[in-house]
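The values are calculated or read from the model by the stated rules, or taken from the named source; none is laboratory data. Fair warning: this is a prediction, and the values are worked out from it, not measured in the lab. Positions of Cβ are generated from backbone atoms using ideal geometry, with glycine treated the same way; all protein chains shown enter the neighbour counts. We work out accessible area using only protein heavy atoms, side chains counted, and drop any ligands, DNA or RNA first. Shrake-Rupley method; radii C 1.70, N 1.55, O 1.52, S 1.80 Å.
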Amino acid sequence: MMPEKWLAIVLLLLVGMFCNALGAFVGVNIGTDVSNLPSASVLVGILKAHQITHVRLYDADAHMLNALANTGIEVVVGVTNEEVLGIGQSPSTAATWINRNVAAYVPSTNITAIAVGSEVLTSIPHAAPVLVPAMNYLHKALVASNLNFQIKVSAPQSLDIIPRPFPPSTATFNSTWNSTIYQMLQFLKNTNSYFMLNAYPYYGYTNGDGIFPIDYALFRSLPSVKQIVDPNTLFHYESMLDAMVDAAYYSVQAFNFSVVPVVVTESGWPWLGGANEPDATVENAETFNSNLIRRVLNNSGPPSQPDIPINTYIYELLNEDKRSGPVSERNWGVFLTNGTAVYPLSWSTSLQATGNSSTVFCVAKEGADSDDLEKGLNWACGQSQVNCTAIQEGQPCYSPNTYQNHASYAYNDYYQKMRSGGGTCDFRGTATTTTADPILIQAPVEEPLLPQHSRLKASPAGVQPCKFPDLGF
């Protein structure tokens, strides 16, 4: 290995150690079952605009890994369920996978973990016998590439492998998987890795037949007479997520292992559901994820392990509208594909409590009716203070030539200039605010080309790069 490569890896390890020392983090999952999936650069633009520092991919997409290069964002790459069988039966296949999907991208892309499969034990149980061999082969390939200290290997599992998670102190793994889980825990311990758990208080509440109050699932305070207490340890659980994580810790202890850290690789709340899913609402989703972030970033663990933070990846960045099942299954995303937040969310303690950064933009809502956007666009460009020059043909913000893009520019120009005097970002329901720069997150669209707008002002000489006006706070 060249000295420069060694130096880069050492520096990356030091950065990783320093970041870990900073304490708890909240990351996000990026699913790809999306009809109009934005490009990798657009997705990374959303992450950067909202200061999201950790991301989990369900595969090892080359476009994403290249786009994440030199961002410092910590990346969990995924071995798909379809790949588990092949890797678990062949060390050479595992080595090829590491060389192609990991070694080729580090240290520029800050890959810190490999997630082997997605809930293998409950989703593809026939692959259980090769799951731990797959993990071992991948780890040995990392050792061969001198990447085993930087990159950990684990396998995300559903909370469903713990049949009775409450009370946490008596929780145990499903005995059907005893052999596989024991081997997995031994591997995690030997490699100084962590247990990946997918834990959803939404399902714990909706499938709980009213046993637990919704406030408990949403991290809200409970009155003293309704406190949730483990009768064996007398630990008080202020949230369902804390109890779920502790159930995993106690299940591990039941195998007589000392502590293996638990990282929550999926948790979230859907913001839209069908007629029989009344708890899937924007208000509940915002409450859950906002409180989840605050809970994680207080840097403490659950009652049984108070010194181990509950690092968590929120499910998920975008709605996966191609997924089957109930309506809620397609509505977990915290952003729309144009980068607009479904609801305000502060991803770190450095952001304001409202979820806004220093700048707020006003953009056209994704999916807004084209006729309504045209009316809003013409109205905005007709105001004396608004300058729509930049969206004329030949000017920097003309492309893409769509109502969505042009209305966003006009709406934002109006909003930035008029909000101090009471101007709002509404435009008869076709507009919304976002903290993500529309230029960074501008996704490709397939709308009809538009005619020139009659109210656009004259073009200046010269074309400069497009920039949406912003005045900050």
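For every other residue with a beta carbon closer than 15 angstrom to the beta carbon of residue 175, add +1 if it is Lys or Arg and -1 if Asp or Glu, then tell me the sum.
0
I'd like to check one number: the per residue accessible area of region 23-335, probe 1.4 Å, reported in Å² as a whole number.
With all protein chains present, region 23-335 gives 38 Å² per residue.
Express the carbon and sulfur contribution to the solvent-accessible surface of region 361-440 as a percent, rounded to the nearest whole number, probe 1.4 angstrom.
C and S fraction of accessible area: 43 percent.
Using the Cβ atoms and a cut-off under 10 Å, what net charge is assigned to the surroundings of residue 35, where Lys and Arg are +1 and Asp and Glu are -1?
Summing Lys and Arg as +1 and Asp and Glu as -1 gives -2.
Please give the Cα centre distance for region 112-136 versus region 179-229, rounded to the nearest Å.
20 Å
Under a point-charge model restricted to the Cβ atoms of Lys and Arg (+1) and Asp and Glu (-1), what is the dipole moment magnitude of region 61-166 relative to its Cα centre, in debye to the nearest 20?
It works out to roughly 260 debye.
Give 140/322; 152/322; 140/189; 48/365 a once-over and call out the pairs whose C-alpha atoms are over 27 Å from each other.
140/322; 152/322
What is the dipole size for region 361-440, taken about its Cα centre, with +1 at each Lys and Arg Cβ and -1 at each Asp and Glu Cβ, in debye to the nearest 20?
Approximately 280 debye in magnitude.
Rank by packing, highest mean first: peptides 289-296, 187-194, with packing defined as the count of other Cβ atoms within 10 Å averaged across residues.
Answer by packing, highest mean first, reads 289-296, 187-194.
Would you list which aspartates and glutamates come within 15 Å of residue 226, measuring only between C-alpha atoms, while excluding same-chain residues fewer than 8 positions from it?
215, 238
Roughly how many percent of the accessible protein surface of region 23-335 is carbon and sulfur, given a 1.4 Å probe and a whole-percent answer?
Carbon with sulfur: 50 percent of the solvent-accessible area.
What full-extension length gain, to one decimal in nm, is calculated for residue 234 and residue 175 as 0.36 nm per residue of separation minus the Cα-Cα distance?
Result for the pair: 18.6 nm of gain on full extension.
Let me make sure I get this right: for region 23-335, a, b and c are the square roots of the gyration tensor eigenvalues over alpha carbons, sorted descending. Under 1.5 in a/c it's rounded, otherwise prolate if a/b > b/c, else oblate. Which is it?
Because a/c hits 1.5 or more and a/b fails to exceed b/c, region 23-335 counts as oblate.
How far is the Cα center of region 280-311 from the Cα center of region 44-60, in Å?
Using only Cα atoms, the two centres lie 19 Å from each other.
Quick check: from the Cα gyration tensor, does region 361-440 come out rounded (a/c under 1.5), prolate or oblate?
Taking the square roots of the gyration eigenvalues as a ≥ b ≥ c, region 361-440 is rounded.
Please work out how much accessible surface residue 346 shows to a 1.4 Å probe, ignoring ligands, DNA and RNA, in Å² rounded to 10.
20 Å²
According to the square roots a ≥ b ≥ c of the eigenvalues of the Cα gyration tensor, what is the shape class of region 68-123, taking rounded for a/c under 1.5, prolate for a/b larger than b/c otherwise, and oblate for the remainder?
Oblate is the answer for region 68-123, as a/c is 1.5 or above yet b/c matches or exceeds a/b.
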